[in-house]
Amino acid sequence: MAKIEYNLGELADKAQVSRRTVRFYIALGLISPPLGRGRGRHYTDTHLQEILTVRRLQARGVSLGQIQRHGDVRSLESSLAEPPPPELQIHLATRITLEPGVLLEFDHDTCGRTPTEMQDIARRCREALTPGERKT
Amino acid sequence: MAPTSGLFSQDFQSIPLTGVAVHAVGQGPALKVTVAHHYRNDEPQAVEAVYSFPLPEEAAVCGFEVELGGQTLKGGIADREKSLEEYDEALGRGVAAYLLDQDRPNVFTAYVGNLKPQEEVLVRISYVAVLTWLPDGFQLIIPMVVSPRYFTAQQIRTLDPAELLHLTPPAVQGPLPYGFILTLDLELPGPLAGVECPSHPFSWEINGTRLKGALAGQAAMDQDFVLNLKLEQRHQPFCCRARAVDGSSVVLLGFHPDLPAGLPRDPLEVIFLVDCSGSMAGESAAQARNALELCLRALEATDRFNIVAFGSEYHRLFRTSRPFNQANLEEASRFVATLRGHLGGTEIYPPLKACLDQVLPKGHTRKIILLTDGEVANEADLITLVRHRPLHGAIYPVGLGRGPNAHLIRSLARASGGAAEFVHPQARLEPVMVRLMEKVASPAFHPVSIDWDGLTPELQSPRALPPLHVGERLWALARFDGQAPQRVTVRLELPGGDPLVRPLEPVRFTGEAAQVLPLMLAREFLRELEDEYQSGPAAGNRKAYQALRRRILEISKNFGILSSLTSFLVAPERPGAEPSEVVMRRVPVVLTRGWGGLESAYFPLQPGAPPHPSSYILEDAYPSWRYGFRKKALWRRDRVERLCLDFKIVTPPPLDPQEHDFRRLIQEQHAEGWWSLNEWLAEQVQTDMETLVTLAQKLPLLPPTASQAVATLSALYLLHTRFADRHDQWRLSAAKAERWLETLKISLPLITPDCLSWLENALSGQPGPCQAGDEQ
């Protein structure tokens, strides 16, 4: 079962920050103060998540001052959340103009033709399009 | 949320630090300094003060005491992280605790925990160090400022946030309610010829070899304290031995060799690497321009040179270094005149790497002169870069401004086999640059070895003895657990010359100063280990890295001196204490006077480009920064500063006529060493052009050379008479001019009161030596 109470050292190690950083974050009001009093002071996964959120925000260039002024790190992160960028789709194709307004397209993902073969097909298409030879 | 904005209230009532007192006691070159911080909590709640402050990078911090309610509590050394846990736990229980960290070798942070309302506490930090050695005396620098630093984008991602916060204490421009007082009591090795304090109003009295002095009242902590001590006699070699508490012996050796005269000068490739980042704007950039003008004119025709200006990006004057001639000198002068603090951030790494990795011109020795305030946080990366390129060029960094990063500047010089210099804006730049150029141009003693009477020291610092430059001193410390050496022999090799061998007999060092030597040795040794440790584990060598870590911890704990891996902790038991909420107060510091980075340190060079990612660090450290990056916002920020923080714009005073004439004379010297004849020069020697032209016409030389010879003699006459007291500033220029005159078979006669008759004597070939400083 996962441990849910940490002392200062354990929390810092888990969040991969120094013990001093945890104390600074608490002093600046960026994360919640420890639970309990005296020797019984301890931290929980909530503290861990708060530290990780502050680190993510800092990595995005948000200053501690800005985080401090906003108050709640989680809501600040949500408000800054940007829609994920549209997924990039790469579509490679070779297009050959047969005559004005008529294009021949080879899809590279599905068509395994060589450039010579493509040119050959294009030549035959042009022949098929030649006036007089057009079939009805 | 815990209130933290109280620090920046206009009346500054909530700053718990009320004053700093520094007391330095010295015997010989050894120095023991106590820095006392006085804290008082005027708030209705318990507070924890966090104060980041500077100490000298070579300081061995050996004492941490707390005076509380008439009781003195001594701190002990323990692992850094463990100490913090104990400290935090003590605060959680409602008891007081005090912690001291080393963030950089020259930046420290004190945590003064659980100051109850109206409680006062005195925190004393003691360190030992040595006076900085100068060829004609000593220099004492007591750092007072932690200037804003530049963080690279990678550091922002990888540095621990607490380290960033320690290195960027909240900074304000204008007065703070606390300042510092300073008292000195130094017993020097010889009588003093002069005392100069360019940084502060300082009064002193000299009694034989003893100097007692004090600051005139409390001073603002906006610049380092600098004291230059000139000795009547030159330094004597010395070797002393002290017995440590554990019974071992520590030997200190100081030796300042003279360079034999007439040694051939190797052709040099001199690269001037000039910091043009925002923090240099203002007086530091002006210092850099003046320094460059002086250094350029000290080059010889066989040398090659280049200038690289760096900030967020870097610009080279020439694509590769070019020969030193008049055309290239003039182009360089035009380039130098454009240098300002105009290039944004301080990315030293790329240009330094580019300089070191350039192909070296055949037959040349590379020397890099780095002009900077050194305000960066990636010191370890830069030191590693240089350490891994030992033969790619010696670096001669010059620390400019009122609070340069001495750790970086000294470390780069040490790691590359170069030499460092510092120039306070109010000190004279010229003698320092002349001294620097002598170091650059003269061959260094290498290798340097010490025979410790056939014994092998348990510890030695430096572990590998670096090349010894002219005007530098050999400084070595060694510890012997058993028998101590009775005779120490120094051997200095000189390329193309006979080795210099000097035996010395250690004299017994007693008294309090004797206790300083073991600590100094431990600190020097630790520093070398820490430099290595900061470089990170080499590939596949994690075991060695861990061993290094253990060694640092062992030395730090055994000698009781602070390191990057340990902390001093005082956590007294207070039975019956009740847990209570403690509010953290970061103590603000005054922004370094003359620091030019406010307007441009993190600003994008291209309009519309996003600001550097580290701008937010400055925003946190400097509250009004958050007004933004737009011009209107800048104007608003500026206005607020002026209204709230008594912001004053200081314009530099105009040069006095004597200074102006001197600089002009030096700057008009041609690359080959001669001067051109002109009205101004004729006027300076109280004659006219016509008379000088007539003199030139009498010479059996071609017209341009003849008038250059007359002009050069006139310039030398001026240097030897009107500027005789500045001999240390013009000796390189004069030497170059005399070498040029020698090629025309003209030598200088003794100076006489009448310039014209002296010129005639010189040109008629009357022999006679001319000695520096000869007057009428």
Is at least one residue of the range B:50-61 farther than 21 Å from residue B:219 by Cβ, in a helix (DSSP H, G or I) and either within 13 Å of another protein chain (Cβ to nearest Cβ) or of a type in the set (Lys, Arg) (or both)? no
Checking the structure you have, find out if any residue of the range B:327-341 is of a type in the set (S, T, N, Q) and within 17 Å of residue B:298 (Cα to Cα). yes
Give just the number: which of (1) outside any helix (DSSP H, G or I); (2) under 24 Å from residue B:167 (Cα atoms) does residue B:419 not satisfy? (2)
Got a number for residues in the range B:80-109 being crowded, with 23+ Cβ neighbours inside 10 Å and of a type in the set (Gly, Ala, Ser)? 4
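Okay, residues lined up against (1) closer than 28 Å to residue B:295 by Cβ; (2) touching a Lys or Arg at 6+ places or on another chain (Cβ under 7 Å); (3) at pLDDT 90 or above; (4) assigned to a helix (DSSP H, G or I):
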position	(1), (2), (3), (4)
B:654	yes, no, no, no
B:710	yes, no, yes, yes
B:716	yes, no, yes, yes
B:739	yes, no, no, yes
Looking only at residues in the range B:381-404 that are at pLDDT 90 or above and among the small types (Gly, Ala, Ser), which one is farthest from residue B:270 (Cα to Cα)? B:399
Among the numbered criteria (1) closer than 18 Å to residue B:132 by Cα; (2) crowded, with 17+ Cβ neighbours inside 10 Å; (3) under 21 Å from the mean Cα position of the chain (by Cα); (4) not polar (S, T, N, Q), which one does residue B:200 miss? (1)
If you go through the range B:492-500 one residue at a time, do you hit one that is on the phi > 0 side of the Ramachandran plot and touching a Pro at 6+ places or on another chain (Cβ under 8 Å)? yes
Scan the range A:36-76 residue by residue and report those that are among the hydroxyl-bearing types (Ser, Thr, Tyr) and free of Cβ contacts under 8 Å to residues at least 12 places away in the same chain. A:63, A:75
Cβ-Cβ under 7 Å, sequence separation 6+ or interchain: first residue in the range B:143-165 and without any contact (Cβ under 8 Å) to a residue 60 or more places away in the chain and part of a loop (DSSP other than H, G, I, E, B), partner among the β-branched types (Val, Ile, Thr) and crowded, with 19+ Cβ neighbours inside 10 Å. Which pairs? B:160/A:17; B:160/A:21
Could you say which residue among B:259, B:292, B:253 is closer than 30 Å to residue B:305 by Cα, outside any loop (DSSP other than H, G, I, E, B) and of a type outside the set (D, E, K, R)? B:292
Select from the range B:305-323 the residues that are over 28 Å from the mean Cα position of the chain (by Cα) and either under 16 Å from residue B:368 (Cβ atoms) or not in a loop (DSSP other than H, G, I, E, B) (or both) and list them in ascending order. B:318, B:320, B:322, B:323
Of the conditions (1) more than 27 Å from residue B:427 (Cβ to Cβ); (2) in a loop (DSSP other than H, G, I, E, B); (3) hydrophobic (A, V, I, L, M, F, W, C), residue B:121 clears all except one; give me its number. (2)
Counting only residues that are within 20 Å of residue B:167 (Cβ to Cβ) and away from every other protein chain (no Cβ under 13 Å), how many does the range B:77-101 have? 0
Which members of the range B:664-677 meet the condition of being on the phi < 0 side of the Ramachandran plot, surrounded by 15 or more Cβ atoms within 10 Å (Cβ to Cβ) and of a type outside the set (A, V, I, L, M)? B:668, B:669, B:670, B:672, B:674, B:675
Looking across the range A:11-37 at residues that are of a type in the set (A, V, I, L, M, F, W, C) and more than 10 Å from chain B (Cβ to nearest Cβ), the single one that is surrounded by the most Cβ atoms within 10 Å (Cβ to Cβ) is A:31
Answer yes if at least one residue in the range B:431-442 is of a type in the set (A, V, I, L, M, F, W, C) and either part of a loop (DSSP other than H, G, I, E, B) or in contact with a Pro (Cβ under 8 Å, 6 or more places away or on another chain) (or both), and no otherwise. no
Determine which single condition residue B:98 fails, assuming it passes every other condition in (1) more than 16 Å from residue B:52 (Cβ to Cβ); (2) in a strand (DSSP E or B). (1)
Residue that is crowded, with 19+ Cβ neighbours inside 10 Å and without any contact (Cβ under 8 Å) to a residue 24 or more places away in the chain, where the choices are B:682, B:696, B:711: B:696
Is the range A:38-53 home to any residue that is of a type in the set (Phe, Trp, Tyr), away from chain B (no Cβ under 14 Å) and either under 30 Å from residue B:48 (Cβ atoms) or outside any loop (DSSP other than H, G, I, E, B) (or both)? no
Residues of the range B:277-286 being surrounded by fewer than 23 Cβ atoms within 10 Å (Cβ to Cβ) and either modelled with pLDDT of 85 or more or assigned to a helix (DSSP H, G or I) (or both), in sequence order, are B:283, B:286
Residues of the range B:262-276 satisfying the condition of being out of contact with any His (no Cβ under 9 Å at 6 or more places or on another chain) and part of a loop (DSSP other than H, G, I, E, B): B:262, B:263, B:264, B:265
Does any residue of the range B:478-485 turn out to be surrounded by fewer than 16 Cβ atoms within 10 Å (Cβ to Cβ) and either at positive phi or basic (Lys, Arg) (or both)? no
Test: residue in the range B:424-431 that is without any contact (Cβ under 8 Å) to a residue 40 or more places away in the chain and of a type in the set (A, V, I, L, M): no
Give the number of residues within the range B:33-44 that are in a strand (DSSP E or B) and surrounded by 21 or more Cβ atoms within 10 Å (Cβ to Cβ). 4
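The values are calculated or read from the model by the stated rules, or taken from the named source; none is laboratory data. Worth saying up front: this structure is predicted, and the values here are computed from it rather than measured. Every residue, glycine as well, gets a Cβ built from its backbone with ideal geometry; the counts of neighbours run over all protein chains shown.
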